[in-house]
Amino acid sequence: MIIKGLKFIQTCSASPEQYDVEDCKGKQVGYVRLRWGQLICEYPDVYGEVIYYSELDNKMLGCFKNKEQREYYLKTIANKILEKIALENS
């Protein structure tokens, strides 16, 4: 799925739900994982800098509850990634 020009590629659908994120040139700029109710985004990939972290209401959550929740959080993460890219390019 494309969000704010970033491509979110789902690599696992549950426990954890996770995504690799690429920019418009195909360069990886993020890794997103939701496991045990913890949503995290690392930049530019797994084991990178944590640029987003949130604890969701259910500690057993390994995937988003619904489409609306997924869209809300992935848009928020897309903004964080774009902010990080802009900061690095300034």
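Every residue, every condition in (1) within 13 Å of Tyr31 (Cα to Cα); (2) modelled with pLDDT of 95 or more; (3) part of a helix (DSSP H, G or I), yes or no:
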{"site": "Val50", "(1), (2), (3)": "yes, yes, no"}
{"site": "Lys59", "(1), (2), (3)": "no, no, no"}
{"site": "Tyr72", "(1), (2), (3)": "no, yes, yes"}
{"site": "Thr76", "(1), (2), (3)": "no, yes, yes"}
{"site": "Asn79", "(1), (2), (3)": "no, yes, yes"}
{"site": "Ala86", "(1), (2), (3)": "no, yes, yes"}
{"site": "Ser90", "(1), (2), (3)": "no, no, no"}
**OP:** Being within 13 Å of Gly62 (Cβ to Cβ), out of contact with any helix residue (DSSP H, G or I) (no Cβ under 9 Å at 6 or more places or on another chain) and either β-branched (Val, Ile, Thr) or surrounded by fewer than 16 Cβ atoms within 10 Å (Cβ to Cβ) (or both) narrows it down to one of Gly37, Gly26, so name that one.
**Re:** Gly37
Original post:
Does segment 56-73 contain at least one residue that is touching a strand residue (DSSP E or B) at 6+ places or on another chain (Cβ under 8 Å) and loosely packed, with under 13 Cβ neighbours inside 10 Å?
Top reply: no
Subject >> Only listed residue being in a loop (DSSP other than H, G, I, E, B) and either of a type in the set (A, V, I, L, M) or without any contact (Cβ under 8 Å) to a residue 24 or more places away in the chain (or both), chosen from Cys24, Cys12 >> reply: Cys24
Original post:
What are the residue pairs meeting all of these: first residue in segment 41-58, first residue without any contact (Cβ under 8 Å) to a residue 60 or more places away in the chain, second residue open to solvent by less than 90 Å² (accessible area, probe 1.4 Å) and assigned to a loop (DSSP other than H, G, I, E, B), Cβ atoms under 8 Å, and 6 or more apart or on different chains?
Top reply: Glu42/Gly48; Glu55/Gly37; Leu56/Gly37; Asp57/Gly37; Asn58/Gly37
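The values are calculated or read from the model by the stated rules, or taken from the named source; none is laboratory data. As the structure is a computational prediction, the values presented were derived from the model and not from experiment. Positions of Cβ are generated from backbone atoms using ideal geometry, with glycine treated the same way; all protein chains shown enter the neighbour counts. For accessibility, only protein heavy atoms count, side chains too; no ligands or nucleic acids. Shrake-Rupley method; radii C 1.70, N 1.55, O 1.52, S 1.80 Å.
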